[in-house]
Amino acid sequence: VLLAYRHGIFGVLIATVIARAVTQVWYDPWLIYREIFRKNVGEYYKNYIGYFLTAVIGIMLIQAAARMATGMAGNPCLLFLLKAVLCLAVPNGLIVLFWHRTEQFGECVRRIGKIAVMVKGRGRRVGI
């Protein structure tokens, strides 16, 4: 209500985002783990913090590398291409580095493999 008085509709939107973020971050997982899974929510929070830290490290590394690349590359097209490669390689490299031993990572790799086989099989049928 306070943000609505000061900032109007924008304040209402910001207050909604804050309220949802505050409850979804801790209460929703706690309730689901307790009532549905009948498990301790600690493992979820541990993974959540790990994912968050992975993202923060990735952002910091990309920012640092992008600053260095800006100084090196004079061509704007080359700079764009270099930054695009950084944005693809750094987060994925961090995910592999930090999470390659987890069950979730293994499941993602299996599913990507299945999709790749399906796509490869479709290419042969249409003559590619």
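The values are calculated or read from the model by the stated rules, or taken from the named source; none is laboratory data. On a predicted model such as this, the values are computed, not experimentally measured, just so you know. All Cβ positions, even for glycine, are placed from backbone atoms using ideal geometry, and neighbour counts span all protein chains on display. Side chains are part of the model used for accessible areas, which takes the heavy atoms of the whole protein and leaves out ligands, DNA and RNA. Shrake-Rupley method; radii C 1.70, N 1.55, O 1.52, S 1.80 Å.
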task = May I ask you to give the solvent-accessible area per residue for the chain, in square angstrom, as obtained with a 1.4 angstrom probe?
result = 83 Å²
query = Per-residue ellipticity at 222 nm for the chain, helices alone: DSSP H runs ≥ 4 residues times -39500 (n - 2.57), over residue total, nearest 500 deg cm²/dmol?
reply = -29500 deg cm²/dmol
message = Within 10 Å of each candidate Cβ there may be at most 10 other Cβ atoms; applying that plus a DSSP loop requirement, which trypsin sites (Lys or Arg not before Pro) in the range 1-109 survive?
response = 38, 101
Residue of 37, 105, 52 that the Gaussian network model of the chain assigns the largest fluctuation, springs spanning Cα pairs under 10 Å = 37
query = When the chain is treated as a GNM, springs tying every alpha-carbon pair under 10 Å, which of 84, 55, 15 comes out with the largest mean-square fluctuation?
reply = 15
ask   = If r is the Cβ-Cβ distance from residue 25 to residue 120 and R0 is 30 Å, what FRET efficiency results, to the nearest 0.05?
value = 0.15
ask   = Roughly how many whole Å is it from the C-alpha centroid of the range 9-44 to that of the range 56-99?
value = 32 Å
inquiry  = About the Cα centre, and with charges only on the beta carbon of Lys, Arg (+1) and Asp, Glu (-1), how big is the dipole of the range 1-91? Nearest 20 debye, please.
reply    = 60 debye
Calculated log₁₀ intensity ratio I(q)/I(0) where the Debye formula runs over C-alpha points of the chain, q = 0.12, 0.22 Å⁻¹ = -0.87, -1.14
message = Over the chain, what is the relative contact order in percent, taking alpha-carbon pairs closer than 8 angstrom and at least six residues apart?
response = 13 percent
query = What residue among 49, 18, 59 shows peak mean-square fluctuation when the chain is described by a Gaussian network model with Cα springs under 10 Å?
reply = 18
note = One finds, for residue 101 and residue 5 with R0 = 35 angstrom and r their Cβ-Cβ distance, a FRET efficiency to the nearest 0.05 of 0.10
inquiry  = Can you tell me the length gained on complete extension of the stretch residue 108 to residue 53, counting 0.36 nm per residue apart and subtracting the Cα distance?
reply    = 17.8 nm
